[in-house]
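First up is the structure itself, then whatever we jot down about it.
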Amino acid sequence: MIGGMEKHSYELLTRLQKAHTVYPLLYDNKEGRWRFFLNLKKRVRKILQEHPTINLVYINDGLLACAMTWLKKERSIKMVATVHGLDVVHPNKIYQYIVKNNLAKLDKIIAVSSATAQACIQRGLDAKKIVVVKNGVDHDLATIPIEEEFLSTFEKKHQLVLKGKQILVTMGRPVKRKGFSWFVREVMPQLENDVVFLLIGPRTKKANRFGYFIPSFIKRQIELATGHPTDESALSIACAKPNLQEKVIELGKLPFPEVLQLLASADLFILPNIPVEGDMEGFGLVALESAIRTTPVVAANIDGITDAVIHEKNGFLLPTKDTTAWAKKIHQILKDKEQLAAFSIKARQFTLANYSWALMVKGYLEVFEY
């Protein structure tokens, strides 16, 4: 998987290893997940025994951290974990009890956004233990040249008509909090006929079979925990409407080089998130990747997105689920191409100046060395 959490973990580990002694313990897909977790305690003990100078253990998500606090009973060692959002807010009552009681045992908790930090505090965790360290973005992505003939090649490959169109793009798995079906159903009909909306991301196209055999409240908790594409059905129905079939295009999963070229070729990147109880957007790394590819973001003013998208700096924040506001703003931006071009450069510069993996690692080291 190459999502926000995975990129965060990879960049953090890679950059820490350049300057410090790090002993990583990673799940590498070479064994079953259950086997990995069953052997986790033994492997941690082995590493600590072989390297007695280790003075801090870092865990890269809240759920895993809850399974690691046994270490505090065995030895006096600093423990720090990052929480990303869903690992804090998942609505299962038993899980919430486990989170509150186990994360409280950590020495420090790093939240990827202010919204995630607030979610921790709301669940009774000590605010003094919580530090916000925002995710970074790979600056090398900004240096990749834009291919002038990319859209023509892309049109032929995917049998599309994009020439002369105003292009909106988004990316991600269609879970309800992303708000994809809402945007397609409510906002796209309000936009001009030459506006197309491209959706990048995996699609299952398979029925959710387990949903037929278990109660709905349990089904929902399983879907949240597994990242099941809960908006996929509603999105497919919305895209199939006759007036939207040529305006909304589901591209599926694309190679990353193609994604980068498409981000640079689009007019706007769309993050139409909506509130979903028991779920949240921890940060919104893709917004930063879009901005440094000179495509500003129009995003919902919700959750951790507000730490990635700064209004009128690298994008625009709008009230969630406000159809009129969204349609009006997108129309306003697209009608003035000169102003959009100028803002695109400004958004890129702001993002490069304020978000980087190097800055993120610096923030982590400050926490580790407290």
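The values are calculated or read from the model by the stated rules, or taken from the named source; none is laboratory data. Note that the structure is predicted; figures quoted are calculated from it, not measured. Cβ placement follows ideal geometry from the backbone for every residue including glycine, while neighbour counts extend to all protein chains displayed. Surface accessibility is based on the protein's heavy atoms, side chains included, excluding ligands, DNA and RNA. Shrake-Rupley method; radii C 1.70, N 1.55, O 1.52, S 1.80 Å.
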Give, as a single signed number, the net charge of other residues whose beta carbon lies under 13 Å from the beta carbon of LYS78, with Lys and Arg counted +1 and Asp and Glu -1. +3
I'd like the orientation of helix 357-368 relative to the chain: the angle between its Cα long axis and the longest Cα principal axis, in ° from 0 to 90, rounded to 10. 30
Over 19 Å (Cα to Cα) among LYS129/LYS178; LYS46/LYS108; LYS163/LYS247; LYS163/LYS335; LYS7/LYS128; LYS41/LYS100 -> LYS129/LYS178; LYS46/LYS108; LYS7/LYS128; LYS41/LYS100
Neighbour cut-off at most 13 other Cβ (10 Å), DSSP loop, GluC sites (Glu not before Pro), region 1-91: GLU31
What does the highest-first list of 55-65, 16-26 look like by mean Cβ count within 10 Å? 55-65, 16-26
Listed candidates (i) 17.9; (ii) 19.6; (iii) 25.2 - label of the one calculated as mean projected area of the Cα convex hull in nm²: (ii)
What ranking do 236-243, 181-188 get when scored by the average of other Cβ atoms within 10 Å per residue, highest first? 181-188, 236-243
Which of the trypsin sites (Lys or Arg not before Pro) found in region 74-125 are loop residues per DSSP with 12 or fewer other Cβ atoms within 10 Å of their Cβ? ARG75
Ignoring ligands, DNA and RNA, please state the percent of accessible area on the chain from carbon and sulfur, probe 1.4 Å. 54
Given points 7 Å out from each Cα along the Cα-Cβ axis, report the ASP322 to LYS30 separation in nanometres with one decimal. 5.3
Given the DSSP H assignment, sum -39500 (n - 2.57) over each helix run of at least 4 residues in the chain and divide by its residue total; what's the result at 222 nm in deg cm²/dmol, nearest 500? -12500 deg cm²/dmol
Using Cα springs under 10 Å in a Gaussian network model of the chain, which residue among SER113, SER356, SER76 shows the largest mean-square fluctuation? SER76
With every protein chain kept in place and ligands, DNA and RNA left out, what is the accessible area per residue of region 276-370? Probe 1.4 Å, answer in Å². 41
Which one of ASP267, ASP140, ASP322 has the biggest mean-square fluctuation once the chain is modelled by GNM with Cα springs under 10 Å? ASP140
Could you sort GLU312, GLU149, GLU192 by accessible area so the largest value comes first, with the probe set to 1.4 Å? GLU149, GLU312, GLU192
